[in-house]
Amino acid sequence: MTRIAIIGGGIGGLTAGIALQKVGLEPVIYERAPEFGEVGAGISLSPNAVKGLNSIGLGDFLEATANEPLHQYLFHGLTGEILMDINRKDCRDQYGGPYLQLHRADLMDGLIKAFGQDKCEMGKALSGLSQDEQHVELRFEDGTTAEADIVIGVDGLRSIIRDILFDTPEPEFSGHVAWRALIDGCKLSPRATERTNVNHIGAGQNLVTYPIRGTKLVNLVALTRADGWVEESWNAKAHPSELAKVFEGWADYVIDAISAIGEDDLYRWGLFIRTPLSQWVKGRVALLGDAAHPMLPYMGQGASSAIEDGVVLGRCFAAAADPVNALSVYENARVERAAFLQAESNVGGDRLQAIDPYFLRDNPPKDEDALGIFKYDPASVELA
């Protein structure tokens, strides 16, 4: 049997692992963290991703775990006036799958259980790899090595494997910053825990809330601009007073949401971008997810595109004549789609954070619906 090593046990790596299992393979995931923990905050899964997860057996889990917003509202950040109501009630009929929102930790838990914790090698930080015509040798920071026939690099924005394969420029700060927090649902107004996504927009910034775990928690994401990123880490703790200052004078809903953030519960992320790749595969090694196509979050397609990658990868191994050919089919099937999502996501902030929110109301932007993003189905799309 083909020995497949997946480097990275995040959403993309686990999805790829499950998809490969579904076609009879037994991949091993190597994850640098010593253990899987309670990670992150809320996450949105658009219909294209949900269809992919459904195809590999996660449908019942999603139905039992996720929230399904029936509306996405855009409000004027300063006045609180409603600018746009995107109806999601017909999403299942329109796109073949729902739009869902849930806690990232819950999604990870479902993926880990589906793949199998015992098939994950933890505490394995990759330090290097080399390959020949027959196999790939992996070297880890703890001094151990492993051998595989195929390696899938799912090691994120600062991918070591990407740098080894293609020696591309370092990530660059995009000028965008994300602030994230989870808030106890009972601390906010009833509107915050309704089956909706509430987005307040203004010049150069916006703030989104939506409930997860039923109405127990409300996920808050604010997106702002900055001239540079001076933190040593790509993410850092922040105090709610910092965010309150950035959104001073905004609508009561925004001010109340920020006021409800616990003093130790706010994080700030610098959002980085990398040069788009036209090639994801070299020999027996391929990239997947952020390692191949990191994107800004304005279309909500970062995790969704990694899920697409993983599902398509499994199908390619089922269809191809041999493992190396499977990687070629995967690359051909995914590069154009991912480049499109990456490009549209990276300009999405300029569309959403319009100088005049009324202009956005009167001139609806190219959103996910207009661009046809949700129509894509990784479980059935033709393999190039």
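What follows draws every value from the coordinates through simple rules; no lab data is involved. All values reported here derive from a predicted model rather than from experimental measurement. Note: ideal-geometry Cβ built from the backbone for every residue, glycine included; neighbour counts use all protein chains shown.
Please state the charge dipole magnitude for the chain, taken about the Cα centre, from unit charges on C-beta atoms (+1 on K and R, -1 on D and E), reported in debye and rounded to the nearest 20.
Approximately 520 debye in magnitude.
Which of these values of Rg/Rh (Cα atoms, Kirkwood Rh) was calculated from the structure shown: (1) 1.01; (2) 0.96; (3) 1.38?
Comparing each candidate, only (2) matches the computed number.
What angle do you read, to the nearest 10 degrees and between 0 and 90, between the alpha-carbon axis of helix 11-22 and the longest principal axis of the chain?
With both axes taken from Cα atoms, the answer is about 50 degrees.
Give, to the nearest whole percent, the P(r) tail of the stretch 125-169 beyond 14 angstrom, counting all Cα pairs.
50
If neighbour count is taken as other Cβ atoms inside 10 Å, put Thr209, Thr215 in order from fewest to most. Don't skip to the end; give the middle numbers.
Working: Thr209 24, Thr215 16.
Listed from fewest to most nearby Cβ atoms, that is Thr215, Thr209.
For the stretch 152-162, what does the Karplus curve 6.51 cos²θ - 1.76 cosθ + 1.60, with θ = phi - 60°, yield as ³J(HN,Hα) per residue in whole Hz, taken in order and with x for Gly and Pro?
Karplus-based 3J(HN,Hα) across the stretch 152-162 equals 10, x, 10, 9, x, 3, 9, 4, 5, 5, 4 Hz.
Less than 18 Å apart at the alpha-carbon level, and either on another chain or at least 8 residues along: which lysines does that give for Lys119?
The reachable lysines, counting only those whose Cα sits under 18 Å from Lys119, are Lys22.
With an 8 Å cut-off on Cα pairs and a minimum separation of 6 or more residues, tell me the relative contact order of the stretch 225-384 in percent.
20
Which value at 222 nm does the chain reach when only helices count, each DSSP H run of 4 or more adding -39,500 (n - 2.57), with the total divided by all residues and rounded to the nearest 500 deg cm²/dmol?
-9500 deg cm²/dmol
Between the stretch 266-339 and the stretch 99-131, what is the C-alpha centre distance in whole Å?
Centre-to-centre distance over Cα atoms comes out at 16 Å.
Going by alpha carbons, how many degrees (0 to 90, nearest 10) lie between the helix axis of 104-115 and the longest principal axis of the chain?
20
Going toward the positive end of the dipole of the chain, with +1 on Lys and Arg Cβ and -1 on Asp and Glu Cβ, which of Ile183, Ile6, His135 do you reach last?
Ile183
For Met84, Met299, Met108, Met1, which order do you get if you count the other beta carbons within 10 Å of each Cβ and list the fewest first?
On the way: Met84 16, Met299 26, Met108 20, Met1 7.
In order of increasing Cβ crowding within 10 Å: Met1, Met84, Met108, Met299.
Quote to one decimal, in nm, the extra length available between Ala125 and Arg92 on full extension: 0.36 nm per residue of separation minus the C-alpha distance between them.
7.9 nm
Please sort by residue number the GluC sites (Glu not before Pro) in the stretch 35-128 whose DSSP state is loop and whose Cβ has at most 14 other Cβ atoms within 10 Å.
For GluC sites (Glu not before Pro) across the stretch 35-128 that sit outside H, G, I, E and B with at most 14 neighbouring Cβ atoms in 10 Å, the list reads Glu35, Glu38, Glu81.
Percent antiparallel among DSSP beta bridges with both residues in the chain, to the nearest 5? Could you put the intermediate results ahead of the total?
Numbers: 53 of 72 bridges.
If we restrict to bridges inside the chain, about 75 percent are antiparallel.
For the stretch 264-384, with the dipole built from +1 on Lys and Arg beta-carbon atoms and -1 on Asp and Glu ones, taken about the Cα centre, which of Met295, Phe359, Gly348 lies farthest toward the positive end?
Value: Met295.
Would you please give the residues with an amide H less than 5 Å from that of Met84, counting only those at least 5 places away or on a separate chain, with H modeled from the backbone geometry?
Result for Met84 returns Leu74.
What angle do you read, to the nearest 10 degrees and between 0 and 90, between the alpha-carbon axis of helix 323-352 and the longest principal axis of the chain?
On a 0 to 90 degree scale, this one is about 20.
Lys113: net charge of surrounding residues, Cβ under 13 Å, Lys/Arg +1, Asp/Glu -1, itself excluded?
Value of the local net charge: -3.
What FRET efficiency comes out for Glu194 versus Met1 if R0 is 56 angstrom and r is the Cβ-Cβ distance? Round to the nearest 0.05.
0.70
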